[in-house]
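Structure record follows, encoded as structure tokens.
The values are calculated or read from the model by the stated rules, or taken from the named source; none is laboratory data. Computed from a predicted structure; not experimentally measured. Counting neighbours? That spans all protein chains shown, and the Cβs are built from the backbone with ideal geometry, glycine included. The accessibility values were calculated without ligands, DNA or RNA, using every heavy atom of the protein model including side chains. Shrake-Rupley method; radii C 1.70, N 1.55, O 1.52, S 1.80 Å.
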Amino acid sequence: MLKIKSIKIYPSKIKGTVKISGSKNASLPIIAASMVCAKSVKLTNVPNITDIHSLLNILKKIGSNVVFKNNTLKIKHNINNQTLLFDEIRKFR
């Protein structure tokens with residue numbers, strides 16, 4: 001069996017663009033933290049996934065104005081005292 005001890009990489013030019021997708025594990029706590037902001041919040045590169053939509057639905061229910069389009073989220077919180085049903089919040093893991 002052949003064992004490779006090292007690999008030599010010679011200099012070369014690499015060009016291009018890589019789009020990094022948003023992270024659910026980063027986006028959810030950032031969205032939750034935005035609730036303490038008095039002004040509107042704009043977040044970009046937010047993944048379009050069920051967990052994000054579940055949180056946004058809860059925020060809408062408690063009075064936040066939410067616009068989510070093309071992985072860009074705009075939120076203006078106007079939180080009021082609402083009772084949330086277990087079915088509404090159990091979708092979170």
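Could you tell me whether any residue of segment 11-18 is modelled with pLDDT of 75 or more and open to solvent by less than 90 Å² (accessible area, probe 1.4 Å)? Checked segment 11-18: at least one residue is modelled with pLDDT of 75 or more and open to solvent by less than 90 Å² (accessible area, probe 1.4 Å). Among residues of segment 73-93 being touching a residue at least 12 places away in the same chain (Cβ under 8 Å) and assigned to a helix (DSSP H, G or I), the one that is farthest from N25 (Cα to Cα) is E88. Could you grab the pairs with beta carbons closer than 8 Å, sequence gap of 6+ or different chains, first residue in segment 54-69 and of a type in the set (F, W, Y), second one in a helix (DSSP H, G or I) and open to solvent by 30 Å² or more (accessible area, probe 1.4 Å)? Once the first residue is of a type in the set (F, W, Y) and sits in segment 54-69, its partners that are in a helix (DSSP H, G or I) and open to solvent by 30 Å² or more (accessible area, probe 1.4 Å) give F68/H53.
What residue, among those in segment 19-32 that are of a type in the set (A, V, I, L, M, F, W, C) and open to solvent by 60 Å² or more (accessible area, probe 1.4 Å), is modelled with the highest pLDDT?
Across segment 19-32, the extreme among qualifying residues is I30.
Just checking, does segment 27-44 include any residue being part of a loop (DSSP other than H, G, I, E, B), closer than 18 Å to K76 by Cβ and within 10 Å of the chain's Cα centre (by Cα)? No, that holds for no residue.
Tallying residues that are over 12 Å from the mean Cα position of the chain (by Cα) and closer than 14 Å to N71 by Cα within segment 45-57 yields 0. Restricted to segment 61-93, and to residues that are loosely packed, with under 13 Cβ neighbours inside 10 Å and under 13 Å from M35 (Cβ atoms), which residue is farthest from the chain's Cα centre (by Cα)? Among those residues, the one meeting the criterion is N80.
Output the residues belonging to segment 45-72 that are within 20 Å of K91 (Cα to Cα), hydrophobic (A, V, I, L, M, F, W, C) and outside any helix (DSSP H, G or I). Scanning segment 45-72 gives V46, I49, I62, V66, F68.
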